[in-house]
Amino acid sequence: MRHLLHSILFVFAIQALAVNPIYFPDDKTKPGDDKKAKAKKDDTTKVALVCEEHSNEAPDSTLVLFPSHDLYNTWDTNTVHPYNFYESFKQDSVVLSLIQEGDSGFSMPVKGLVTSEFGWRRYRPHFGTDIDLETGDQVVAAFDGMVRIAKMCNGYGNCVILRHNNGLETVYGHLSEILVEPGQAIKAGSLIGLGGNTGRSYGSHLHFEIRYLGQALDAQDFIDFETGTLKKNEFVLHKSDVENKYDLRATHARHKRDIGLARTDYKKYGKNGKSRTVKVRKGDTLARIAKRNGTTVKAICRKNGFKSTKKLKAGQRIRV
Ligand SMILES: [Zn+2]
């Protein structure tokens, strides 16, 4: 049965490989790393192809075992985030039940202080919430789910990713040890690894993420990290929240553009709003300057504190 399960998982790995992986700098999956990743992928593809031939003999859709398969259609145990939220999410919002009858509820992955929140860091996005811990501390699953990724993943270091029935995935990064393997069913609160300082990490901590269709969400919108409890049993994800809040690259780009525009305004108009200085040319009159700069004599006089009979000298600077 275990062998069969792995065969099935490999088949889904093939489908997932057809999708272009998204590049998340926080994962340290830099374009330069592509060669290494490609070599690894090619290995998996070979295995997958063999398994697919094998599984073609007895296709059985009831053997689709991974959580939330209707939503994802893929089960990729190699690529960290093989999804594209905007391509997959076509509705305005979705209601996600965080606690369902018969499941084990919620558990804090590790209890500790939040040392870094979800948001834009100086040069890059931070898609997770960092929780302080000591190397060797036990890290447990937040919700019931199945292990999709359990391996070293560049910036994440030793990393476990769980897929949950509601479509969410939770990510546990920088572990010193991984104690689970892909395909394993996990209950909330059960041990998945030990905390550490692997990958892009400075000091032992857990990097914890909540994602939906690959889109990182702010875990602090789900969890009160001080009390270690869920804020609500249901989470409504709005596409507009992704666009305005969770899509850190898009919001950062917009912010930068706004700052850029503000600078242009400053250069053009000076700090007192719509005002700038120009040089008076030989033979200029106030009327001519006003016309040339799209303003009026009255406005120029007001900005410069002089009367319209003011005598101008060539080379003099006045506000327009
Ligand atoms: Zn982090």
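The values are calculated or read from the model by the stated rules, or taken from the named source; none is laboratory data. In this text, all values refer to a predicted model and were calculated from it rather than measured experimentally. Cβ coordinates were reconstructed from backbone atoms using ideal geometry, including for glycine residues, and neighbour counts include every protein chain displayed.
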**Q.** Only listed residue being at pLDDT below 95, among the small types (Gly, Ala, Ser) and either part of a loop (DSSP other than H, G, I, E, B) or not assigned by TED's automatic domain parsing to the domain that holds Pro125 (or both), chosen from Gly260, Gly273
**A.** Gly273
Q) Name the residues in segment 186-221 that are closer than 20 Å to Phe89 by Cα and assigned to a loop (DSSP other than H, G, I, E, B), would you? A) Leu213, Gly214, Asp218
Q: For segment 87-107, state whether one or more residues are within 16 Å of the ligand (Cβ to nearest atom), in the same structural domain as Thr251 (by TED's automatic domain parsing), in a strand (DSSP E or B) and touching a strand residue (DSSP E or B) at 6+ places or on another chain (Cβ under 8 Å).
A: no
Q) Among the residues of segment 140-183, which ones are away from the ligand (no atom under 16 Å from the Cβ), more than 19 Å from Gly105 (Cα to Cα) and in a loop (DSSP other than H, G, I, E, B)? A) Leu179, Val180, Glu181, Pro182, Gly183
Q | Unique residue being hydroxyl-bearing (Ser, Thr, Tyr), surrounded by fewer than 21 Cβ atoms within 10 Å (Cβ to Cβ) and under 16 Å from the mean Cα position of the chain (by Cα) when the list is Tyr212, Tyr123 | A | Tyr123
(Q) Residue under question is Gly128, and the condition is that it be among the small types (Gly, Ala, Ser), surrounded by 21 or more Cβ atoms within 10 Å (Cβ to Cβ), farther than 15 Å from Thr77 by Cα and within 16 Å of the ligand (Cβ to nearest atom); does it hold? (A) yes
